[in-house]
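**Student:** Take a look at this one; I'll ask things after.
Read-outs throughout are calculated quantities, based only on the coordinates presented, and are distinct from any laboratory measurement. Since the model is a prediction, treat every value here as computed from it, not as a measurement. For neighbour counting, all protein chains shown are included, and Cβ atoms are generated from backbone atoms with ideal geometry for every residue, glycine included.
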Amino acid sequence: MELMRLVVTGPVGSGKSTFIQSVSEIDVVNTDERASDETKEQKETTTVAMDFGKLRFSPEFAMHLYGTPGQQRFDFMWDLLIRKAHAYILLVAANQPKQFRYARRILNFMNQRVTLPMLIGITHTDCDEAWETQDIAIALGFSAQKHPPLKIVNPLDHTSVAETLLTLAQQLYEPANHQT
């Protein structure tokens, strides 16, 4: 069986844990703890090491999903997880423009360590004050014409998450993405 290791990363509150919980065929292994810093203004608990879930697409193909903590103080976990990954997704909440610069920092961190297929998942697009997808790409440092794939995803919706994972898996197998 072929196994793909996928990292789901992004700022606090972007939907990483929910994304993995929506599609995992096993009970998600999580390391949530009570938030003890400014994160507690957003939510009660936060991931401090990683989330882990599994998804089988067919008898021959499965994904292991690893969710990173959103806080920079846990960036050693980002480093550990990304080095064994086959691809990654950066989740960005469209309604949290104050987090865009931080999301860009996470993106730079990952790209300094690996060159992998990736996509940007835009969450919370149904919220008030949500930015447009192209504006988010620009805020992350890309031009309006040249950027990684951008996909609107609802982390609460199994189908939306599965479609996002399929989009990324297809990227992995495009000839242009194969390393020689």
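**Student:** Where a ≥ b ≥ c are the square roots of the eigenvalues of the C-alpha gyration tensor, would you call the stretch 70-175 rounded, which needs a/c under 1.5, or, failing that, prolate if a/b is larger than b/c, or oblate?
**Tutor:** Rounded.
**Student:** Charges at C-beta only: +1 for Lys and Arg, -1 for Asp and Glu. How large is the resulting dipole of the stretch 2-173 about its Cα centre, in Debye rounded to 20?
**Tutor:** 660 debye
**Student:** DSSP loop trypsin sites (Lys or Arg not before Pro) in the stretch 86-153 with at most 14 other Cβ atoms within 10 Å of their Cβ, which ones?
**Tutor:** Answer in residue order: K146.
**Student:** Give the shape of the chain as rounded, prolate or oblate, defined through the alpha-carbon gyration tensor: a ≥ b ≥ c are the square roots of its eigenvalues, a/c under 1.5 means rounded, and otherwise the shape is prolate if a/b is larger than b/c and oblate if not.
**Tutor:** Note, shape of the chain comes out rounded.
**Student:** Write out the GluC sites (Glu not before Pro) in the stretch 85-178 meeting two conditions: DSSP loop, and at most 15 other Cβ atoms within 10 Å of their Cβ.
**Tutor:** Answer by residue number: E129, E132.
**Student:** Now for a different question. Note the full-extension length gain between E129 and D157 as 0.36 nm times their separation in residues minus their Cα-Cα distance, in nm to one decimal.
**Tutor:** 8.0 nm
**Student:** Something else now. Quote the relative contact order of the stretch 2-173 in percent (integer), defining contacts as alpha-carbon pairs under 8 Å separated by 6+ residues.
**Tutor:** Over the stretch 2-173, the number comes to 25 percent.
**Student:** Still on this structure, please answer the following. Let a ≥ b ≥ c be the square roots of the eigenvalues of the Cα gyration tensor of the stretch 48-106; is it rounded (a/c under 1.5), or, if not, prolate (a/b larger than b/c) or oblate?
**Tutor:** prolate
**Student:** What number of lysine-lysine pairs in the stretch 2-173 show an alpha-carbon separation below 27 angstrom, given a sequence spacing of 8 or more or placement on distinct chains?
**Tutor:** 17
**Student:** For the pair E60/D75, report the inter-label distance in nm, with labels modelled 7 Å from Cα in the Cβ direction.
**Tutor:** 4.1 nm
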